[in-house]
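Colleague: I have a structure here, written as structure tokens, and I will follow up with some questions on it.
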Amino acid sequence: MKKELTFTLNGEAITAEVDPKWTLLYLLREVLDLTGTKEGCGYGECGACTVIIDGRAVNSCLFPVMEAEGRSITTIEGIGLKDGSMHPLQTAFIDEGAVQCGFCTPGMIMSAKALLDANDKPTEEEIKDAIEGNLCRCTGYVKILDAIKSAAGGR
Amino acid sequence: MTGYEYYKPKTIEEAIKLMGSLEGARYIAGGTDVMVLLRQKKIAPRCMISLRNIADLTRIDIKDGLRVGSAVTHSAIEENEHIKKRYSALNDATTHLGSRQIRNVATIGGNICNAAPSADTACPLLVLDARAIIAGPKGAREVDLDDFFLGPGSTALEKDEIVKEFVMPPFDENTGSAYIKHTRRQAMDLPILGVAARITISVKDESEVRCRDMFCTIDSISNILSRLKEEGLKCEDARIAMGVVAPRPIRAKKAEAALKGKIVSPELFEEIGNIAAGEAQPRDSIRGEAWYRSEMIRVLTKRALIKAIDRVIRPDEAIYPERLW
């Protein structure tokens, strides 16, 4: 039984037809074709599916799509600047070499963005706390921390 | 995955009514456990009744004690300054649960109602004398949290009932509390062991504890305790609760009784640790072996108590950096 949902996605009001059993991640990737958000574990352990809902980082794989109604959702596709250039976090990840295979990167950037939006001068501990739910199996996190620090400093 | 209908009631009454009228229905709050069970195909509900949009369940009220709605997220608890100060054990538990993403949606009611022996908020609520206010088809009732847990995954909740909120009494500035979660890694881990403590202290003939600066040093707990003993620091009241040491989170009531009314000392704390360990029945599991858990109860009970004392003696951690207990 399909239901109609209205919510804000990357700043634009959209209406989507959904099956109540879907997760938000399924709607984003399989229906809306926003494949920047990744599916890693599907159990809320890895953070690859992180999106920002009403200002907070959330695992979209555990988020029932029906709860999206009326909320404001931001995905990695929606964080670029108005002139088409990349978000400072994206630039910093590239400049600092914080991307290797790249699978964790969208989630990592969304977690970092939720942090910086709320706290533009985070300490290293606060950065680690913000990305504790994001697993990276390539980099060892040091360059990711450097990238977030440099994006925070560059503001 | 088989499909289900998704209901979003706006009031508790509406939710209970839905639960009573729908076949194969299940409550869902933050969904961080339910959605995983669904994906693992361990449950197959025909209907989901969301508790996320019920305003009465998402409030924190700090008048005359503390009332925390069951659908309050761990992040909301973590960010509440009053809870951090007066109900510190609860803050300790919520800051180290899951990840930022999980805490942003997972609720305290979900953590308690899943009744895992390892539930992080359970021990703090036990030491903070929390009662669960339950709403159901037959009306409201109150259950002491100590009577709420029956076993792993099993609670005093009856069919269709919902925990509305958790209510805790007020505590004065002579009372401090702490929760220590013993894990292999800091993030995204379940505890090998969890110990919470609450203690109310008084100092003989003095308004201030003179040795408070010792808490800023790396001095051993036994040295600090010896000094506190010299100053006649007395335990007026205490609560100790332990997680992952029994089929449900439990109070160490014998240890509490042995502590009440005594002047603190290294010997007393040693004894309290031993009594608490004797009250636990830990078993071997993937996270740790029984003997190790027993040993660690001795250590962590002492540590949780001294951390709680620290919070009474140095309430303003902005002046003194927090000691890494």
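The values are calculated or read from the model by the stated rules, or taken from the named source; none is laboratory data. Fair warning: this is a prediction, and the values are worked out from it, not measured in the lab. So basically every Cβ, Gly included, is an ideal-geometry build from the backbone, and we count neighbours across all protein chains shown. The protein model used for the area step is the full one, side chains on, heavy atoms only, and it has no ligands, DNA or RNA in it. Shrake-Rupley method; radii C 1.70, N 1.55, O 1.52, S 1.80 Å.
Colleague: Mind running the shape call on the stretch B:149-244? Use the C-alpha gyration tensor, a ≥ b ≥ c as the square roots of the eigenvalues: rounded below 1.5 for a/c, prolate if a/b tops b/c, oblate otherwise.
Modeller: Because a/c hits 1.5 or more and a/b fails to exceed b/c, the stretch B:149-244 counts as oblate.
Colleague: Keeping all protein chains in the complex and leaving out DNA, RNA and ligands, what accessible area do you get for B:Glu270 with a 1.4 Å probe, in Å² to the nearest 10?
Modeller: About 90 Å², ignoring ligands and nucleic acids.
Colleague: Ok, one more. Total Å² of accessible surface buried at the A-B contact, 1.4 Å probe, nearest 100?
Modeller: 2500 Å²
Colleague: Ok, one more. Two decimals, Cα atoms only, Kirkwood Rh: what is Rg/Rh over chain B?
Modeller: Using Cα coordinates only, the ratio equals 1.00.
Colleague: Follow-up question, since we're still on this one. Just reorder B:Tyr87, A:Tyr43 by solvent-accessible area, largest first, 1.4 Å probe, all chains present.
Modeller: Putting B:Tyr87, A:Tyr43 in descending order of accessible area: A:Tyr43, B:Tyr87.
Colleague: Compute the helix-to-body angle for A:105-118: its Cα long axis versus the longest principal axis of chain A, expressed 0 to 90° and rounded to tens.
Modeller: Long axis of A:105-118 versus the principal axis of chain A: about 80 degrees.
Colleague: Tell me, what is the 1.4 Å probe accessible area of B:Asp33, in Å² to the nearest 10?
Modeller: About 80 Å², ignoring ligands and nucleic acids.
Colleague: Next question. Just reorder B:Ser50, B:Ser220 by solvent-accessible area, largest first, 1.4 Å probe, all chains present.
Modeller: Final ranking, largest accessible area leading: B:Ser220, B:Ser50.
Colleague: Hey, another quick one. Report, as an integer, the average count of C-beta atoms from other chains found within 10 Å of each Cβ along A:123-132.
Modeller: Other-chain Cβ atoms within 10 Å of each residue's Cβ, averaged: 3.
Colleague: Additional query: At a probe radius of 1.4 Å, what is the per-residue accessible area of B:Thr11, in Å² to the nearest 10?
Modeller: For B:Thr11, the solvent-accessible surface is approximately 60 Å².
Colleague: What do you reckon, how do A:Ile131, B:Ile43, B:Ile218 stack up by accessible area (1.4 Å probe), largest on top?
Modeller: Result, largest first: B:Ile218, B:Ile43, A:Ile131.
Colleague: Which whole number gives the average count of other chain Cβ atoms within 10 Å of the Cβ atoms across peptide B:89-102?
Modeller: 5
Colleague: Round to the nearest 0.05 the FRET efficiency obtained for B:Ser222 and B:Gln281 when R0 = 30 Å and r is the Cβ-Cβ distance.
Modeller: It comes to 0.60.
Colleague: Taking amide H atoms as placed 1.01 Å from N in the peptide plane, list the residues 5 or more away in sequence, or in a different chain, whose amide H sits under 5 Å from that of A:Leu9.
Modeller: A:Ile14, A:Ile73
Colleague: Right, something else. Considering just Cα atoms, how many Å³ per residue does the convex hull of the stretch B:175-313 enclose?
Modeller: Taking the convex hull of the Cα positions in the stretch B:175-313, it is 102 Å³ per residue.
Colleague: Determine the share of the protein assembly as shown's accessible area contributed by carbon and sulfur atoms, expressed in whole percent, with a 1.4 angstrom probe.
Modeller: 49 percent
Colleague: For the stretch A:32-93 and the stretch B:180-201, what is the separation of their C-alpha centers, rounded to whole Å?
Modeller: So the separation of the two Cα centres works out to 31 Å.
Colleague: Additional query: Karplus couplings for the stretch B:150-164 from phi (6.51 cos²θ - 1.76 cosθ + 1.60, θ = phi - 60°), rounded to Hz, Gly and Pro as x?
Modeller: 9, x, x, x, 10, 10, 6, 5, 9, 3, 6, 6, 10, 6, 7
Colleague: If you don't mind, another one. In Å, what Kirkwood hydrodynamic radius results for chain A from the alpha-carbon pair distances?
Modeller: Every distinct Cα pair counted, the radius reaches 15.7 Å.
Colleague: With the other protein chains left in place, how much accessible area per residue, in square angstrom, belongs to the protein assembly as shown at a 1.4 angstrom probe?
Modeller: So the protein assembly as shown comes to 44 Å² accessible per residue, rounded to a whole number.
Colleague: Taking Cα pairs under 8 Å and at least six residues apart, what relative contact order does chain A come out at, in percent?
Modeller: Once divided by the residue count of chain A, the mean separation gives 24 percent.
Colleague: A further question follows. Within 10 Å, count the other beta carbons around each residue, average over each peptide in A:60-68, A:81-89, A:134-142, and list them highest first.
Modeller: In descending order of packing, they fall as A:60-68, A:134-142, A:81-89.
Colleague: Any idea what Rg and Dmax come out to for the stretch B:1-55 if you just take the C-alpha atoms, in Å?
Modeller: According to the Cα coordinates of the stretch B:1-55, Rg and Dmax are 10.9, 31 Å.
Colleague: Using per-residue counts of other Cβ atoms within 10 Å, averaged over each peptide, order B:106-113, A:23-30, B:75-82 from highest down.
Modeller: B:106-113, A:23-30, B:75-82
Colleague: Using θ = phi - 60° and the Karplus relation 6.51 cos²θ - 1.76 cosθ + 1.60, list the HN-Hα couplings for the stretch B:45-57 in order, rounded to whole Hz, with x at every Gly or Pro.
Modeller: After applying 6.51 cos²θ - 1.76 cosθ + 1.60, I find x, 8, 9, 10, 10, 7, 9, 5, 9, 9, 4, 5, 9 Hz.
Colleague: At 37 °C and 0.692 mPa s, grab the translational diffusion coefficient of the stretch B:55-168 from Stokes-Einstein with a Kirkwood Rh over Cα pairs, rounded to a whole number in µm² per second.
Modeller: 236 µm²/s
Colleague: Using DSSP H assignments, which helices in chain B have an axial alpha-carbon span of 24 Å or above and a mean Kyte-Doolittle hydropathy of -0.5 or higher?
Modeller: B:290-313
Colleague: May I ask you to give the average projected area over all directions of the convex hull of the Cα atoms of the protein assembly as shown, in nm² rounded to one decimal?
Modeller: For the Cα atoms of the protein assembly as shown, the hull's average projected area reads 23.4 nm².
Colleague: Per residue of A:110-120, count partner chain C-beta atoms within 10 Å of its C-beta, then hand back the mean as an integer.
Modeller: 1
Colleague: Hey, another quick one. Can you pull the one-decimal nm distance between simple spin-label points at B:Glu267 and B:Glu295, each 7 Å off the Cα toward Cβ?
Modeller: 2.6 nm
Colleague: I'd like the orientation of helix A:142-153 relative to chain A: the angle between its Cα long axis and the longest Cα principal axis, in ° from 0 to 90, rounded to 10.
Modeller: In chain A, helix A:142-153 runs at an angle near 90 degrees to the longest axis.
Colleague: Ok, one more. How much length is gained if the chain between B:Lys234 and B:Ile43 is pulled fully straight, taking 0.36 nm per residue apart and subtracting their Cα-Cα distance, in nm to one decimal?
Modeller: Taking B:Lys234 through B:Ile43 to full extension adds about 63.7 nm, to one decimal.
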